[in-house]
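Since the structure comes first, as structure tokens, the remarks are kept for the end.
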Amino acid sequence: MGEEEGLHQTQLLDTMFVRGLKRKCFDGEEDIEGTLAGFKAIPSYNLQRQSLLDMSLVKLQLCHMLVEPNLCRSVLIANTVRQIQEEMTQDGTWQMINTQSAGQTSLDRLVSTDILCRSSKEQAEGKLVPVYSTFAKDCEGTQSQDNSEIMSTVTSPQVPRNLQSNMWEMENPQENRGNFQKSLDQIFETLENKSPNTVEDLFSEVDNSYYDLDTVLTGMMSNTKMGHCDLETFPSQTSANSNSNCKSDLNELDHIVEILVES
Amino acid sequence: MAFPDSDIISTVEFNHTGELLATGDKGGRVVIFQREQESKNQPHRRGEYNVYSTFQSHEPEFDYLKSLEIEEKINKIRWLPQQNAAYFLLSTNDKTVKLWKVSERDKRPEGYNLKDEDGRLRDPSMITMLRVPVLRPMDLMVEATPRRVFANAHTYHINSISVNSDYETYMSADDLRINLWNFEITNQSFNIVDIKPANMEELTEVITAAEFHPHHCNTFVYSSSKGTIRLCDMRASALCDRHSKFFEEPEDPSNRSFFSEIISSISDVKFSHSGRYIMTRDYLTVKVWDLNMENRPIETYQVHDYLRSKLCSLYENDCIFDKFECVWNGSDSVIMTGSYNNFFRMFDRNTKRDVTLEASRENSKPRAILKPRKVCVGGKRRKDEISVDSLDFSKKILHTAWHPSENIIAVAATNNLYIFQDKVN
């Protein structure tokens with residue numbers, strides 16, 4: 001969808017969503033010409049609503065890729081998505097979309113998004129490898145295609161719910177202290193620079209004991225409603241190496257994923 | 001014109017006398033302006049603001065555990081009331097609050113016994129007499145020193161800080177929690193509000209702003225992304241999860257759309273100087289509430305209602321999430337808030353008149369009078385009007401400040417700071 005087309009579409013959406021009007025009434029003969037032209041120009045309400053849903057889901061997806069997403073914005077977008085879903089469920093259109101189930105490849109995409117945001121416990125159960133394989137595909141340059149596939153197929157009732165829960169887990173770093181996804185993101189970001197690997201640097205500052213599942217879970221339990229949290233002093237200790245330039249070669253990915261899964 | 005992102009002003013605040021004006025920017029710097037003393041020789045200069053001090057308040061940090069960058073952008077600055085010759089302010093980024101002391105040095109001691117003027121130690125055998133060092137004048141030096149660092153108390157992003165009227169405590173609020181601090185204690189804070197659900201899947205509302213009552217040190221308010229304001233009394237319980245008052249306007253069903261909730265999200269809440277009212281800013285309006293009436297605001301002002309038909313576009317380009325601030329004038333009779341296209345709006349609560357002004361270089365030569373601006377909605381555009389579609393949404397005025405007692409306002413337009421004063425007759 002070209003940028004101009006997208007803009008045109010949102011301008012139409014503006015008209016539709018001004019007062020939450022559901023349908024346009026095409027009575028009145030005097031207006032027939034105008035309304036017919038209007039009818040052609042303004043896509044159906046359902047289509048527009050679907051477009052808004054897609055846009056919102058893309059926005060939420062982008063949230064995942066940003067470093068530290070704005071929680072307020074994410075909550076508002078998620079609430080909008082839920083609103084649309086509720087209305088679609090009442091309309092019965094939800095059922096329709098459900099039946100147009102995704103193909104095999106699309107399911108892979110769904111799974112990959114889901115795993116992106118799982119808690120450390122689920123990841124420790126060894127579900128990392130699928131993420132890696134999907135990400136490898138992304139790196140081969142099919143990223144934009146993936147996004148549109150995700151957008152159009154993420155309408156099954158299951159995934160949006162997961163998206164939301166996973167999103168909050170992402171944004172709840174305390175509970176996800178052992179979240180390997182962040183480390184993966186860091187790795188993939190550096191793939192652009194192909195220089196001699198300093199994979200050791202990547203992990204040298206990290207205290208491996210922290211990725212021990214027990215430590216993480218214990219940390220979660222002991223984190224009572226205090227304003228001050230001891231666990232958070234960690235960043236200050238490791239912030240000395242703020243300029244560490246982590247460069248990694250594509251061939252090192254296997255090695256890295258092994259390390260993460262093992263620890 | 002290109003400018004670095006780090007120059008974008010992210011907060012503006014006058015101190016309690018209006019003598020100083022502080023700005024914080026995206027690069028973590030604080031710049032303080034001081035008002036010139038009025039002199040009889042140059043009456044037309046009538047108290048201009050000049051740079052007084054500049055310092056780096058926050059640095060970018062990297063959280064290795066979460067693999068997240070912590071931005072150095074200054075989210076808020078709040079001044080403490082002046083108690084001695086030095087000035088104190090609080091500045092905060094997303095995670096850490098700092099107390100800065102800004103003090104002047106215009107004298108230095110001379111005539112030490114044990115060291116000479118260069119600082120080198122003198123040979124003790126050469127010292128034959130005792131003398132008292134004397135203070136001699138030197139060039140004025142303004143130095144800023146960090147006196148306290150309040151760190152590691154916020155998991156989420158700090159959006160507000162507010163100094164209590166007891167001048168001993170202050171609060172910091174993030175998306176889900178509010179903490180109470182004592183200025184003297186940096187390794188501890190009390191959590192007074194916590195709206196984090198046990199299951200994050202159930203999260204549907206966040207805290208957007210918070211402020212202490214100007215006179216009652218036990219009372220504070222916080223606003224939410226659902227357009228509600230809660231007033232809490234710290235005497236009621238240690239954890240103020242249950243509000244004393246709940247302010248919410250019932251929704252207008254005829255105006256309902258998918259964007260209703262987003263535009264109802266409150267971006268700023270401010271007590272009036274009197275302490276009797278609170279003002280809230282949501283995407284399209286500014287509302288004044290009487291603390292004694294919870295079911296609806298007493299006044300509602302339309303900031304830029306012409307955007308109501310553009311909400312979907314504004315949702316797409318994320319402008320709908322812009323957080324505008326609002327301010328009272330010293331007498332609580334006029335309120336001001338920003339808009340797009342470098343426009344800002346003032347509403348006179350008594351006369352019910354409002355004005356739209358623009359903060360731009362082309363339109364404001366020094367001492368020129370600002371011309372009111374108008375946005376035209378319909379088809380026919382008058383000569384000086386600007387049409388909605390021509391508005392520049394990248395030029396947003398999110399931060400403004402009003403002098404505590406005079407008609408002097410500070411307006412931050414992206415990377416530029418404008419200071420406007422009432423015309424002298």
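How high is the relative contact order of the range B:48-170, given as a whole-number percent (alpha carbon pairs under 8 Å, six or more residues apart)?
Relative contact order, the range B:48-170: 26 percent.
Across B:D194, B:D318, B:D290, mean-square fluctuation computed from a Gaussian network of chain B (C-alpha pairs under 10 Å connected) peaks at B:D318. Taking all Cα pairs closer than 8 Å and separated by 6 or more residues, the relative contact order of chain B comes to 10 percent. If R0 is taken as 25 Å, the Cβ-Cβ distance between B:E143 and B:H16 corresponds to a FRET efficiency of 0.75. Between the range B:303-357 and the range B:13-87, what's the alpha-carbon centroid distance in Å? Their Cα centres are 24 Å away from one another. Ranking B:H157, B:H216 by solvent-accessible area of protein heavy atoms (1.4 Å probe, all protein chains present), from largest to smallest, gives B:H216, B:H157.
The overall shape of the range B:324-425 is prolate: from the C-alpha gyration tensor, with semi-axes ordered a ≥ b ≥ c, the ratio a/c is 1.5 or greater and a/b exceeds b/c. Residue by residue along B:196-209, Cβ atoms of other protein chains within 10 Å of the local Cβ number 4 on average. Cysteine residues of chain B whose Cβ has no partner cysteine Cβ closer than 4.7 Å: B:C217, B:C312, B:C319, B:C326, B:C376.
Roughly how large is the A-B contact in terms of buried accessible area, totalled over both chains, probe 1.4 Å, nearest 100 Å²?
Working: alone 16620 and 22910 Å², together 34440 Å².
Chains A and B together bury approximately 5100 Å².
Solvent exposure of the range B:161-205 amounts to 39 Å² per residue of accessible area, where only protein heavy atoms count and the probe is 1.4 Å. Shown are B:F343, B:F321, whose ranking by accessible area with a 1.4 Å probe and every protein chain present, most to least, is B:F321, B:F343.
Taken residue by residue and averaged, Cβ atoms of other chains lying within 10 Å of the Cβ of B:223-235 number 1.
Where the centre of each part is set by its Cα atoms, how far does the range B:225-257 sit from the range B:119-181, in angstrom? Cα centroid to Cα centroid, the span is 37 Å. Taking a ≥ b ≥ c as the square roots of the eigenvalues of the alpha carbon gyration tensor, the range B:157-239 is prolate, as a/c is not under 1.5 and a/b beats b/c. Ordering B:K374, A:K59 by accessible surface, largest first, gives B:K374, A:K59; the 1.4 Å probe counts only protein heavy atoms, with every chain in place.
Here's how it looks for B:I408: its modeled amide H is under 5 Å from those of B:H403, which are all 5 or more places away or on a different chain.
Partner shielding of B:183-192 amounts to 2, given as the average count of beta-carbon atoms from other chains within 10 Å of each residue beta-carbon.
What's the carbon and sulfur percent of the range B:350-398's accessible surface, probe 1.4 angstrom, rounded to a whole number?
49 percent
Residue by residue, the range B:237-249 carries 3J(HN,Hα) couplings of 7, 5, 9, 8, 7, 9, 7, 8, 9, 10, 9, 7, 8 Hz when phi is fed to the Karplus relation 6.51 cos²θ - 1.76 cosθ + 1.60 (θ = phi - 60°); x denotes Gly or Pro. The length gained on full extension between B:H273 and B:L121, counted as 0.36 nm times the residue separation minus their Cα-Cα distance, comes to 49.2 nm. What shape does the range B:1-135 have by the C-alpha gyration tensor, where a ≥ b ≥ c are the square roots of the eigenvalues, rounded means a/c under 1.5, and otherwise prolate means a/b greater than b/c and oblate the rest? Taking the square roots of the gyration eigenvalues as a ≥ b ≥ c, the range B:1-135 is oblate.
The values are calculated or read from the model by the stated rules, or taken from the named source; none is laboratory data. A quick note: this is a predicted structure, and the numbers were derived from the prediction, not measured. Note that we place each Cβ from the backbone using ideal geometry, even for glycine, and neighbour counts take in every protein chain shown. Quick note on the areas: whole protein, heavy atoms, side chains included, nothing else; ligands and nucleic acids left out. Shrake-Rupley method; radii C 1.70, N 1.55, O 1.52, S 1.80 Å.
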